[in-house]
Amino acid sequence: MSNPPIALVGSESLLGREIRDLAATGDPPLAMRLIAADDEKSGTLTRLGDEPAVVEELDEDTLSSARAVFLAGSAESSRKALEIAGESPDFAIVDLTFAAEERPDARLRAPMVEPDDASQVDQPDPAAVHIVAHPAAIALALFLRRLQFRDPIRRSVIQIFAPASEHGVRGVEELQGQTVSLLSFKSLPQTVFDTQLGFTMLAKYGMEAPAPLEESEMRIERHLASLLGLPGDGEGVPMPSLRLIQAPVFHGYTFSAWVEFEENPGVEAIENGLAFGAIDVRTGELDPPNNVGQAGQNGISIGAIAADRNDPEACWFWLVADNLRLAAENAVMVARQLV
């Protein structure tokens, strides 16, 4: 197609590659225009599915013919695209970078969590700004709403373990560089985390880190509160207590969740009730899921469900999700609704 209906800004980023893969292998495939972010070179020859494609420069001409634009690159490229779009763009913006989160016309989106009955929610505006919810918030909303639908929750406490890939290629490369440097007794690169992440867990980044860990924790909390407040199955979940920890892993979120029910139905009943749609459940006879095994998989996986020995109404859960895949899945679902 000479003028594909969708443009992808940041086509070579980790998120951009996931979107390209999902768009090309979907039914039907989505035709896309690949656009360079600031740290990418326009004119680069790449592939979109099985077809060759050229990465184009980010400017008004490359965005003007699109009906929807993904923002999946650097913060700078997202800001530039938003400047080009202006206050009343002629195309929809699907933002995975949260650059447009504060715009008055922004709407939080997570089609995996949104009600199937379209009459329960406002219809998508084809020229609106759609903010794809944080993948950790999407994963937790899927889990908690499904639990609540079958067995009402009294309260919950969840620890979230974040991967380096939440900071894109720069985060992955810094963790890799730190790991190699520690083993060879060299100085550590600290541009992203401003402290040692290799072989350690972090409750806080260094003072000079460009994106504080607390900022991500607050975003997850805001987005989760909005997703839990949606109408439909599983509504009415009490907001959990959350703590975000930076883990020394390259890819994939893991969650350790403690949930107290109004009346505990038992582990077997919980396992049977959780398995649904985008939720894969590993029962007791199977190995618990892990972030490495979940890479490239859709939805979330839950396992190691165990009764709390000190509280008869509570259970422990172990969840994993591919952060890039989950965000890209929901973004592509939004785009399909729009075009």
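Here's the yes/no breakdown for (1) under 29 Å from LEU319 (Cβ atoms); (2) touching a strand residue (DSSP E or B) at 6+ places or on another chain (Cβ under 9 Å); (3) assigned to a loop (DSSP other than H, G, I, E, B); (4) at pLDDT below 95:
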{"position": "ALA100", "(1), (2), (3), (4)": "yes, yes, yes, yes"}
{"position": "VAL113", "(1), (2), (3), (4)": "yes, no, yes, no"}
{"position": "SER119", "(1), (2), (3), (4)": "no, no, no, yes"}
{"position": "HIS130", "(1), (2), (3), (4)": "yes, yes, no, no"}
{"position": "ALA141", "(1), (2), (3), (4)": "yes, no, no, no"}
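For the structure I just gave you, tell me whether GLU260 is open to solvent by less than 30 Å² (accessible area, probe 1.4 Å), touching a Lys or Arg at 6+ places or on another chain (Cβ under 6 Å), more than 22 Å from LEU202 (Cβ to Cβ) and in contact (Cβ under 8 Å) with a residue 24 or more places away in the chain. Yes: the conditions hold for GLU260. Within region 180-188, none of the residues are in contact with a strand residue (DSSP E or B) (Cβ under 7 Å, 6 or more places away or on another chain), of a type in the set (A, V, I, L, M, F, W, C) and not in a helix (DSSP H, G or I). Residues in region 209-225 include none that are touching a residue at least 40 places away in the same chain (Cβ under 8 Å), aliphatic (A, V, I, L, M), in a strand (DSSP E or B) and more than 24 Å from PRO115 (Cβ to Cβ). Taking each residue of region 177-191 that is over 17 Å from PHE250 (Cβ atoms) and looking for partners that are in a helix (DSSP H, G or I) with beta-carbon atoms closer than 7 Å, six or more apart or interchain, yields SER187/SER181. Report, by residue number, each residue of region 43-82 that is modelled with pLDDT under 85 and hydrophobic (A, V, I, L, M, F, W, C). LEU45, LEU48, ALA53, VAL54, listed by residue number. Listed by position, the strands (runs of 3 or more DSSP E) inside region 247-336 whose residues that are over 24 Å from the mean Cα position of the chain (by Cα) number at least 1 are 253-261, 300-307, 314-321. Within region 16-35, can you find the residues that are in a helix (DSSP H, G or I) and either over 21 Å from GLU57 (Cβ atoms) or modelled with pLDDT under 85 (or both)? Within region 16-35, GLU18, ASP21, LEU22, ALA24, THR25 meet the criteria.
Taken over region 58-93, residues that are in contact (Cβ under 8 Å) with a residue 24 or more places away in the chain, under 20 Å from LEU338 (Cα atoms) and either exposed (fewer than 15 other Cβ atoms within 10 Å of the Cβ) or aromatic (Phe, Trp, Tyr) (or both) amount to 6. Residues of region 306-323 that are under 16 Å from LEU142 (Cα atoms) and buried (at least 20 other Cβ atoms within 10 Å of the Cβ): PHE317, LEU319, VAL320, ALA321, ASP322, ASN323. Which residue is farthest from ASP105 (Cα to Cα), if the candidates are limited to region 76-91 and must be of a type in the set (Gly, Ala, Ser) and outside any helix (DSSP H, G or I)? The selected residue is GLY86.
For region 182-210, a residue qualifies if it is β-branched (Val, Ile, Thr) and touching a Gly at 6+ places or on another chain (Cβ under 8 Å), and the qualifying residues are VAL192, THR195. Scanning region 5-57 for residues that are of a type in the set (Ser, Thr, Tyr) and either surrounded by fewer than 23 Cβ atoms within 10 Å (Cβ to Cβ) or out of contact with any strand residue (DSSP E or B) (no Cβ under 8 Å at 6 or more places or on another chain) (or both) gives SER13, THR25, SER42, THR44, THR46.
Of PHE199, PHE161, all but one fail to be at pLDDT 95 or above, surrounded by 14 or more Cβ atoms within 10 Å (Cβ to Cβ) and either of a type outside the set (S, T, N, Q) or more than 28 Å from GLY296 (Cα to Cα) (or both); the exception is PHE161. Of all the numbered requirements in (1) modelled with pLDDT of 95 or more; (2) open to solvent by less than 40 Å² (accessible area, probe 1.4 Å); (3) under 29 Å from GLY73 (Cβ atoms), PRO248 misses one, and that requirement is (2).
The values are calculated or read from the model by the stated rules, or taken from the named source; none is laboratory data. The structure displayed is predicted, hence computed values, not measured ones. All Cβ positions, glycine included, derive from the backbone under ideal geometry; neighbour counts span all protein chains shown. For the accessible areas, the whole protein counts, side chains as well, though only heavy atoms, and no ligand, DNA or RNA atoms are used. Shrake-Rupley method; radii C 1.70, N 1.55, O 1.52, S 1.80 Å.
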